[in-house]
Each structure stands twice: as C-alpha cells, then as structure tokens.
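Down below is the structure, laid out as structure tokens.
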Amino acid sequence: MDSPHAMRPAAPSSLLPTRRFLSLYLPHWPTDYLKRAEPGLGSPLALYERIKGGLRLSAIDAAAGQAGLRLGQNLADARALLPGLVVREIDRPLLTAAFADFADWHSNASPMVAVLSDVSAFGDLVLDITGVAHLFGGERAMLITLLTRLRKLGYSVAGAIAPTIGAAWAVSHFARSQVVEADQLTPLLDALPVDALRLSPTQIASLTQMGLTQLAQLRPRERKPLQARFGLSLLTRLDQAYGMLEERLTPRLPLAERYAERRFAEPIGLLDDVLMTARDLAIQLGLRLEAEGLGAQSFHLFLYRVDHKVMALSVNAARLTRDPSHIAKLFSHRAERLSAEYDAGFGIDMIRLAASSVGELDGTQLGAFVTQDGTADLTQLQDRMSSRLGTMAVLRTQFVATHIPERAARLVPAMVHVPTPTAERGPVQQRPLRLLPIPEAIAINAEVPDGLPASMIWRRVSYRITKASGPERLGAEWWRSGQRLQLAPIETPPPPEPGKPAKAPPYVPDLPRFNPAAVTRDYYIAEDVVGRRFWIFREGLYVPDASPVWYLHGLFA
C-alpha cells in the first residue's frame, strides 16, 4: 500500500530542523466506532469479511482479543471458541470515510494531521506538533490531553511523541505511551521488534526466519545484502525511523498558516452564535493580515463538534481582501443557503477561521481626496451574491481575442478574474447590440448575385431593404479547423397527426444547410423601410450558378 507521505533524502542531522510528531494508535477503532454509533451493540464484537472464499475476522474489540480471538481467524472457529460473540460484516468504505472525519477533528490540536495507511486504512494518526505543544502546557501534557479525551469517548488508544514519524508510530504500537527525546531515540528503537518498521508480513516473516527479531540486530548489518533480499523499502523504513531519511506527512486539510480560533468553556449550538464568533475571528484575522500587508481570497470556517466531527464552510472573494465586515457577510450569506443542513450535534467546542490564497495587499487611502468609482462595492456585491446563490449563478461577460462574433465573448463566474487575452487593436467596426444565440437562415433577394441585398425573409416575414453597407469579410480561424460553428438549421414542419390535415409549412425557401467547411463570411448592415437595422452575412465566397446562403446574426438598437 502506498504511503500518504512523500520522502526525500535528508541533509546532515546537524542541519535538519527539529520536528516533533505525535502518533495515535487506535487498535480497536472499527469496533469502538460502531459501539458509539449503536450504543446497544453487544460485546465481545468482531467484524468479518470474505477472504479467499472464507469468512475471516478483520476487526475485533478488546474483549474479543482478551478471549483469545485474533485477526484473520476463521469466523466458524471464532464462534466455536466464543459462543456469545457478536459479529457484523465489515463496511470498509464507511469506516474509511468515518476515520477520515475522525482525523480532521484532530486538527483542533494541530493543523497538520495525516492518516498513516501503511498497515491499515484506519487506526493510525500522526500529528506534526512542532510549535504547538506549548498551547497545551508542553508535550507531555498535550499527549495526556489527547489520550484522555479519546478514552472518555470510549476509544482504546495509545500514543507517543518522537522526532520522527516512524519512531512515533513504532513506540505507540510496541511500547508504552511516552515522550521520546532526541537523545533517547536510538536506544529505545533498538529494543523494539522488526514489526515496528511498518513492513509487509512477508518481509517480517523472512526477517524472523533469519533470526533478526529486533532492530538492534538489523541496524548494524550490511545494507547491500538486505536491499537485495528485502528491497529498498526495508532500508527506507529503517532510515526514516532513526532520522537518517526525512519523512514528511501530507495533511488531510489544507495547511493554513494564518488563522484565528476560539475555544469555548461550554459547547455552543446556535447558528447565530457561530456567525457572531466568525465575525469576531474575522476581525482578529484581518488585523493579522493587515500587519503583514496581506490579503486573502479564500476563507474557511471549521466547526469542531464535541462528538469528534468537523464541519467546514468555505467562501471565496473575487479580489484579495481582509475587510472583516465583508468576510463576515460572506459567511452569513452562505449560512442562509446551508441553514437546512446545519447540525451542531452535541455542541461545538472550538471554531477556527483560516485564510488561504494569500497575496500582497497594500493599504487603501481613505479621505476627502479619494475618488470612489464604485468598483469595490460592485465586487463585494458579486461576492455576496455568489456566496448566497452559488458560484455559477452570478456570471459576467469576458471578452475573447477572436474575430468570430459568436466566440468574441463568453460567460464566466463573476468571482473568477481570468486575464483577458490582448490583441492588436484594429479598425473600429460597427457591431449590433444584440446577437442571436444561433445565426438563423434567411432568404435574400439581390439586384446582382454578389451585390447588396434588396429584400429579406426572416421567420416568414418579408422585409424590404432600403439601405445596406458592406461587405465586411471575416475569414475562418484556420487553427480551429477541428471545431464546428453552430448555426440554426432550416425549420421543417412536424409530421401531421393521424386524421388531421397537414399544416402548411412555413414560408421559407429551400436553402441548403450551413456548411461547416466554409472559410469566409461577408457581413452586411441592412436597414428596412421602417428603420430596423439587421446584421446579416453570406456564407462562403460567391460561386456562379450556385445559390448563396444567407444568415441573420444580430439586431442593432
């Protein structure tokens, strides 16, 4: 199974920054979780799954383990050994998702939390507590706090703090819960079995056959023969545990370096209290960003429930901001949209407001000589509307560098500021105020085949053209040859219903359909007798003895 954390060779130990990791080992997490979810579930409890055509135990609780049951044991044998055993079929997707939420809840202790899935998809957590332990009164007090609150929730748990991820995992699994200092690392690891290296069962069995049962026996041996027989993973795990190779964890939640949080002596539950706290945290976060000359576009509100669950609420701004009032309004509008889904459970004991997508934001001069053009107010209005209605509900027009009319503009979310491609400024051309969604076929009469139009038939209505100017020739974009332009087809009447006379077809000449291979368009501005102006074009170049195809593309005001 792949590790969720990246590896890279470490620099000499004297140059490495000192980091501290806290590992939590929950050996009976699947059964403990189900007992919390279903209080009436009996004990001893075991979970089974079908493996190689047989039913085998995949998780057991503490009582089943004390009775002599073991993982991988046949279900029939387990029931014979323990007649009162309560069994359930394991639901791995459910447990994996629940353990991920359980891991996120621990971000109230450290913002960097990862699930160690090298041995199992659930049961092992690691926290990077560098620079965090002082908030709990020291590393030992922090370890005791985390272990105590989990045991009060009904979980069997062990933990350890060490300079490396591998050492913290090994001590939490194969030694008593403790804090390991850097000078204690080597002698403590030497006394542990080879199982403490997060190796595969095949590797552990082979090492045991060779008589290598402890890390003290493994460490001084020649490395090349070990790599040739057991692979590079053995040496990698060994070096990671002893701090010779750096191992970094990948946090489940995005790491936010700038955040403000508040812990409550008594849990809160009302949404109004949550929004009031969010406003206070926005003020604190805004002051910090202002002191650093920064602003942010994304803000995340994490609500930590007492039943080890986390609710996350995120909002985005179109431009960098640190205005507390604006940030609070974004969360207020988003909360109105999601109020039906809000569930505080048994209460919320901590709220954290974090900022991401951070960038430099200079201060704004406010005074009598400042010109207010309303741009900032309009941007904030778009942010609030997008937060309340959804990002795709508030759109704006973005210009595109192309001369094809239907491609010259597109709709994008108002909150997304994508740079508009620039092009060399050409001569100013007249364009209609309104373009049709799809150019519609029309019939044109002209005095000469390739001359100015004299009359037009559009939607079965005839228009007499008195003035016309053009043509303005637009060539197709050769680099888009694989994309087809969309034009409205000629309208065809539906088939008549049985027993009823057929309806007369619309008065539209039998024109050919649009040819996507056409390379040019000749556009004309035509005006009829009452002053209506149309933007029409002829598809392709004029070909003798062939009827030209015309389309109406837009209407002038």
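The values are calculated or read from the model by the stated rules, or taken from the named source; none is laboratory data. As the structure is a computational prediction, the values presented were derived from the model and not from experiment. For neighbour counting, all protein chains shown are included, and Cβ atoms are generated from backbone atoms with ideal geometry for every residue, glycine included. Please note that ligands, DNA and RNA were not included when accessible areas were found on the heavy atoms of the full protein model with its side chains. Shrake-Rupley method; radii C 1.70, N 1.55, O 1.52, S 1.80 Å.
In the stretch 163-195, how many residues are of a type outside the set (A, V, I, L, M, F, W, C) and part of a helix (DSSP H, G or I)?
9
Could you look through the stretch 137-174, keep only residues that are out of contact with any helix residue (DSSP H, G or I) (no Cβ under 8 Å at 6 or more places or on another chain) and at positive phi, and pick out the one that is most open to solvent (accessible area, probe 1.4 Å)?
G137
Somewhere in the stretch 243-264, is a residue at pLDDT below 90, part of a helix (DSSP H, G or I) and open to solvent by less than 70 Å² (accessible area, probe 1.4 Å)?
No, the stretch 243-264 contains no residue that is at pLDDT below 90, part of a helix (DSSP H, G or I) and open to solvent by less than 70 Å² (accessible area, probe 1.4 Å).
From the list A78, A103, A97, A64, which residue is open to solvent by less than 10 Å² (accessible area, probe 1.4 Å), within 22 Å of L301 (Cβ to Cβ) and assigned to a helix (DSSP H, G or I)? Explain how you work it out, then say what you get.
Details: A78 fails: within 22 Å of L301 (Cβ to Cβ); A97 fails: open to solvent by less than 10 Å² (accessible area, probe 1.4 Å); A64 fails: within 22 Å of L301 (Cβ to Cβ).
Being open to solvent by less than 10 Å² (accessible area, probe 1.4 Å), within 22 Å of L301 (Cβ to Cβ) and assigned to a helix (DSSP H, G or I) holds for just one of A78, A103, A97, A64, which is A103.
For a quick check of your reading of the model, give me the residue pairs whose first member lies in the stretch 330-347 and is among the hydrophobic types (A, V, I, L, M, F, W, C), whose second is open to solvent by 90 Å² or more (accessible area, probe 1.4 Å), with beta-carbon atoms closer than 8 Å and at least 6 apart or on different chains.
A344/L270
Given the conditions (1) more than 26 Å from R258 (Cα to Cα); (2) modelled with pLDDT under 80; (3) among the acidic types (D, E), which single one is not true for D383?
Just one mismatch for D383, condition (1).
Taking interchain pairs and intrachain pairs at least six residues apart, which have beta carbon atoms under 6 angstrom, with the first residue in the stretch 427-441 and open to solvent by 100 Å² or more (accessible area, probe 1.4 Å) and the second assigned to a loop (DSSP other than H, G, I, E, B) and modelled with pLDDT under 80?
Every condition considered, the pairs that remain are L433/A557.
Mind checking which residues of the stretch 192-205 are open to solvent by 30 Å² or more (accessible area, probe 1.4 Å) and among the small types (G, A, S)?
Hits for the stretch 192-205 are S200, A205.
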